[in-house]
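Notes follow once the structure below has been shown.
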There are 2 protein chains.
Amino acid sequence: MTSAQPATPDGEPTLTIAQVAERTGLTHDTLRYYEKAGLIERVGRTGGNQRRYAAADLAWLEFLLRLRETGMPIAEMQRFAGLRARGEATVADRLAMLREHRAGVARRIRALRRNAAALDDKIDHYERLLEGQPGTDEPA
Amino acid sequence: MTSAQPATPDGEPTLTIAQVAERTGLTHDTLRYYEKAGLIERVGRTGGNQRRYAAADLAWLEFLLRLRETGMPIAEMQRFAGLRARGEATVADRLAMLREHRAGVARRIRALRRNAAALDDKIDHYERLLEGQPGTDEPA
DNA sequence: ACTTGACCTGGAGCGCGCTCCAGGTCCTAC
DNA sequence: GTAGGACCTGGAGCGCGCTCCAGGTCAAGT
């Protein structure tokens with residue numbers, strides 16, 4: 001998904017936490033928090049105990065961000081990550097989770113649209129108030 | 001907006017906090033919190049100091065819920081409510097706030113759709129994993 | 001060798017939006 | 001007149017998702 005890494009095709013962990021922070025928009029603290037929380041599996045370390053992320057870690061983080069941005073709470077992401085860590089046997093469960101979450105997203109988009117329509121009505125109302133008679137007391 | 005009230009057309013405060021809680025889905029505590037926070041102006045009281053909401057209060061609460069459900073933080077609602085309390089002179093400011101908020105909602109809907117598309121991709125991926133070869137190790 | 005800045009850990013603290021509690025008053029029904 | 005439930009107040013507490021801090025270690029440049 002990301003393009004030109006120096007030389008490593010996928011496997012070798014090369015990215016520092018600062019680089020991952022920059023690419024994902026997460027802070028160092030949030031990255032460490034996600035690791036501590038089990039959202040990402042313990043990432044590789046250098047001899048001196050510093051984190052080095054692999055491209056696969058980055059891809060997973062980016063997927064987590066899709067979940068977060070669609071409103072999935074951390075507890076649920078933990079559950080998902082836990083299933084993922086248990087391997088291929090949990091694909092059906094993960095699929096079910098994702099489908100459910102996806103349906104929730106669709107509902108939230110619909111709700112947002114309905115509410116946006118109400119905002120539009122109010123905006124219209126204010127516009128008429130302003131252009132029309134700038135001396136009437138408002139009923140709403 | 002609401003239909004058959006007993007006899008009062010709009011003005012008289014008649015609804016108990018429990019009735020308003022039921023109609024809005026807010027709890028008693030939240031209603032009191034919103035009043036304390038200045039999101040709604042101090043509502044009418046009986047001789048015995050119990051709240052009685054007017055239909056206009058209910059309508060305003062329902063509008064606040066539209067703001068809340070579209071993600072407006074309470075601090076911003078306080079600002080909006082403050083402008084409203086200052087009367088007709090603030091209509092232009094309120095209109096500006098609403099337009100800005102409306103634009104944010106549009107952005108969030110677009111972002112949700114983009115992220116939902118990524119979820120759909122992942123769902124497809126899992127579906128292929130499941131139907132296809134239920135014995136392959138997954139690369140994502 | 002030394003400095004400087006990136007990184008490490010465990011744990012405390014924070015902002016938001018409620019939610020709950022204690023201790024009291026009110027009101028409706030019997 | 002009394003029981004029981006709905007309501008009142010001020011203020012403490014909570015769950016979430018980070019964010020910050022102290023006190024260190026590590027690594028690259030001069």
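In terms of its C-alpha gyration tensor, the protein assembly as shown has a prolate overall shape, because the principal axis ratio a/c (a ≥ b ≥ c, square roots of the eigenvalues) is not below 1.5 and a/b outweighs b/c. With N the number of residues in the stretch A:53-121, Rg(Cα) / (2.2 N^0.38 Å) evaluates to 1.39. In a simple Cβ point-charge model (Lys, Arg +1; Asp, Glu -1; nothing else charged), the protein assembly as shown has a dipole of about 440 debye relative to its Cα centre.
Tally up the carbon and sulfur contribution to the accessible surface of the protein assembly as shown as a whole percent, 1.4 Å probe, everything protein left in place. Intermediate results must be reported in sequence, preceding the final value.
Working: 7820 of 16020 Å².
Roughly 49 percent of what the probe reaches on the protein assembly as shown is carbon or sulfur.
At a probe of 1.4 Å, how much accessible area disappears from chains A and B on forming the pair, both sides counted, to the nearest 100 Å²?
3500
Loop only per DSSP, at most 12 neighbouring Cβ atoms within 10 Å: give me the trypsin sites (Lys or Arg not before Pro) in the stretch A:79-136, ordered by residue number.
Sites meeting the loop and neighbour criteria: A:86.
In whole Å and largest first, what semi-axes does the C-alpha gyration tensor of the stretch A:86-133 yield when each eigenvalue is scaled by 5 and square-rooted? Could the numbers behind the result be given before it?
On the way: eigenvalues 418, 8, 3 Å².
Those come to 46, 6, 4 Å.
For residue B:53, the residues whose modelled amide H falls within less than 5 Å of its own, excluding neighbours fewer than 5 places apart on the same chain, are B:14, B:15, B:16. Note on residue A:122: aspartates and glutamates with a C-alpha under 17 Å away, same-chain residues under 8 apart excluded, are A:131, A:137, A:138, B:57, B:62, B:69, B:76, B:88, B:93, B:100. Pairwise Cα distances in the stretch A:1-72 exceed 15 Å in 52 percent of cases. Put simply, the Cα atoms of chain A extend 74, 34, 27 Å along their principal axes, the longest span coming first. Interface burial in the stretch B:77-95 reaches 40 Å² or more for B:88, B:91, B:94, B:95, comparing the full protein assembly with the chain by itself; accessible area from heavy atoms with a 1.4 Å probe. Sequence-ordered 3J(HN,Hα) estimates for the stretch A:13-28 from the Karplus curve with 6.51, -1.76 and 1.60 and θ = phi - 60° stand at x, 10, 7, 6, 5, 5, 5, 5, 4, 5, 5, 9, x, 7, 8, 3 Hz, glycine and proline given as x. Solvent-accessible surface of chain A, averaged per residue with a 1.4 angstrom probe and all protein chains in place: 57 square angstrom.
From Cα pairs below 8 angstrom and at least 6 apart in sequence, can you work out the relative contact order of chain A, rounded to a whole percent? Once divided by the residue count of chain A, the mean separation gives 19 percent.
May I ask you to find the residues of the stretch B:101-134 that are shielded by at least 50 Å² of accessible area once the whole protein assembly is considered instead of their isolated chain (probe 1.4 Å)? Checking the loss per residue gives B:102, B:109, B:112, B:115, B:119, B:122, B:123, B:126, B:130.
The values are calculated or read from the model by the stated rules, or taken from the named source; none is laboratory data. Quick caveat, the model's predicted, so the values are computed rather than measured. So basically every Cβ, Gly included, is an ideal-geometry build from the backbone, and we count neighbours across all protein chains shown. When the accessible area is computed, the model is the full protein with side chains, heavy atoms only, and any ligands, DNA or RNA have been set aside. Shrake-Rupley method; radii C 1.70, N 1.55, O 1.52, S 1.80 Å.
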